[in-house]
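Below: one structure, written as structure tokens.
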Amino acid sequence: MPSVKILAIADVTHNVRRYTLERPAGYTFQPGQATDVSLDEDGWRDKKHPFTFTALSDAQNLEFTIKSYFNTGGDGVTERLYGYKQGQSLVVRDVWGTITYKGRGIFIAGGAGSRRSSPSFAISITSGSWRGTPSSSPTAPKPTSFCATNSRVFAASR
Ligand SMILES: Cc1cc2nc3c(=O)[nH]c(=O)nc-3n(C[C@H](O)[C@H](O)[C@H](O)COP(=O)(O)OP(=O)(O)OC[C@H]3O[C@@H](n4cnc5c(N)ncnc54)[C@H](O)[C@@H]3O)c2cc1C
């Protein structure tokens, strides 16, 4: 049950943030997989919520792109996470998930949990020159993919 430090936090939209985290030695995952995450503080470690890895599987750091819900009355993990700063820690666990790459295509996804699809985009364009997730690399060469979050659509074509 590794505790990993937050190295950087970046706004993606008004309620979605990208969290860059330390990567524990030997911690591996496949694109599309998720892990149960909790906040590493008393009273919150047993509240496990699934989030999908949005960095490539060979990246130096872990990354999650998380939408925060602000209507939880203070009980919500993502609401509390929104107040987190660089240097605080999250707990990550075993990885799970069954999305696998089956060839190139166009993906349109929406709704909470849509960040699950970002790693699929990452694989679909890895054979070209573009590496990274649509939401995290606005200046990178554009993929032939669409990435929809709840409140924004990232669209690009080569
Ligand atoms: C396999 C998997 C992977 C996921 N990956 C990501 C990810 O990469 N990034 C990300 O932002 N989220 C992801 N999610 C969704 C994420 O787990 C939830 O948004 C999170 O657990 C909410 O926790 P909370 O304690 O903040 O909110 P809760 O207290 O559980 O809920 C707060 C409010 O938001 C609503 N809500 C919560 N979750 C959802 C939902 N999924 N759909 C619609 N309404 C909801 C609730 O009804 C409630 O009103 C994933 C979910 C699954 C199952």
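Just so it is clear, none of the values below were taken in a lab; they were calculated from the coordinates. Computed from a predicted model, the values in this text were never measured in an experiment. Positions of Cβ are generated from backbone atoms using ideal geometry, with glycine treated the same way; all protein chains shown enter the neighbour counts.
Things worth noting here:
- In this calculation the C-beta distance from Arg104 to His49 is compared with R0 = 41 Å, giving a FRET efficiency of 0.85.
- Loop-resident sites, the range 1-89, for GluC sites (Glu not before Pro), counting at most 12 other Cβ within 10 Å (DSSP): none
- In this simple spin-label approximation, Leu7 and Tyr69 carry label points 7 Å from Cα along the Cα→Cβ vector, and these lie 3.0 nm apart.
- Stretch gain in nm, segment Val95-Tyr27, where the contour uses 0.36 nm per residue and the Cα spacing is subtracted: 23.6 nm
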